[in-house]
Ligand SMILES: Nc1ccn([C@H]2C[C@H](O)[C@@H](COP(=O)(O)O)O2)c(=O)n1
Ligand SMILES: [Zn+2]
């Protein structure tokens, strides 16, 4: 059948598009172990905000620690802002009520609190490598109680190449 005059096939699905944007955002992270990206989308599929894990403004990527072990004050954990929280805080447009969050790693308990309070109703996540930790177990407990829906991103194995 002649395809002339018909729409192009093979375009990105909404989930591929927004998870792709979240992953691209994660590529800005300086964290040597886990680069996490997030993209917040309105109910009608408009991108509202993005974020990645990093230190707060004024806290130098070269001076604050990126380590994972040892004295807690010498690890990243007390200083880093998670991608989801950065995406929420980066939003300047008002309410996030009813929004969807695409994130490359399942949200921790602290981000879950912010997600719930911001009114985000749906989470699409890719990796859940910390599923057995108290932080993620508590996160799911709160998200369930608050009626925030979450589902795993269905990887399509599509390779998206961008030359810059
Ligand atoms: N949902 C999440 C979970 C973690 N992060 C950040 C926090 C750290 O920078 C990194 C995790 O480090 P790891 O323990 O894997 O070395 O990812 C986030 O942004 N969002
Ligand atoms: Zn978090």
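The values are calculated or read from the model by the stated rules, or taken from the named source; none is laboratory data. Everything quoted here is computed from the prediction, not taken from an experiment. For neighbour counting, all protein chains shown are included, and Cβ atoms are generated from backbone atoms with ideal geometry for every residue, glycine included.
Condition check: touching a residue at least 12 places away in the same chain (Cβ under 8 Å), within 18 Å of residue 122 (Cβ to Cβ) and more than 16 Å from ligand 1 (Cβ to nearest atom). Does residue 84 satisfy that? Answer is no for this residue.
Tell me, please, whether a residue that is more than 16 Å from the chain's Cα centre (by Cα) and closer than 20 Å to residue 47 by Cβ can be found in the range 113-126. There is no residue in the range 113-126 that is more than 16 Å from the chain's Cα centre (by Cα) and closer than 20 Å to residue 47 by Cβ.
Return yes or no: is residue 121 in contact with a strand residue (DSSP E or B) (Cβ under 6 Å, 6 or more places away or on another chain), farther than 18 Å from residue 16 by Cα and away from ligand 2 (no atom under 16 Å from the Cβ)? No; evaluated as a whole, the condition is false for this residue.
Residues that are touching a strand residue (DSSP E or B) at 6+ places or on another chain (Cβ under 7 Å) and more than 16 Å from ligand 1 (Cβ to nearest atom) within the range 92-115 comprise 93, 96, 99, listed in sequence order. Taken as a whole, the structure leaves residue 45 outside the set of residues that are within 14 Å of ligand 1 (Cβ to nearest atom) and in contact (Cβ under 8 Å) with a residue 12 or more places away in the chain. Taking the range 32-49 as the range and being buried (at least 22 other Cβ atoms within 10 Å of the Cβ) and either at pLDDT below 95 or part of a strand (DSSP E or B) (or both) as the test, the residues that pass are 37, 38, 39, 40, 41.
Filtered by the rule that a residue be out of contact with any helix residue (DSSP H, G or I) (no Cβ under 7 Å at 6 or more places or on another chain) and within 16 Å of ligand 2 (Cβ to nearest atom), the range 133-164 gives 133, 134, 136, 137, 140, 141.
Pairing residues of the range 110-137 that are on the phi > 0 side of the Ramachandran plot with residues that are away from ligand 2 (no atom under 14 Å from the Cβ), at Cβ distances under 8 Å and at least 6 apart in sequence or on separate chains, gives 119/95; 119/96; 119/97; 119/98; 119/99. Scanning the range 1-31 for residues that are touching a strand residue (DSSP E or B) at 6+ places or on another chain (Cβ under 8 Å) and not in a helix (DSSP H, G or I) turns up 27, 28, 29, 30, 31.
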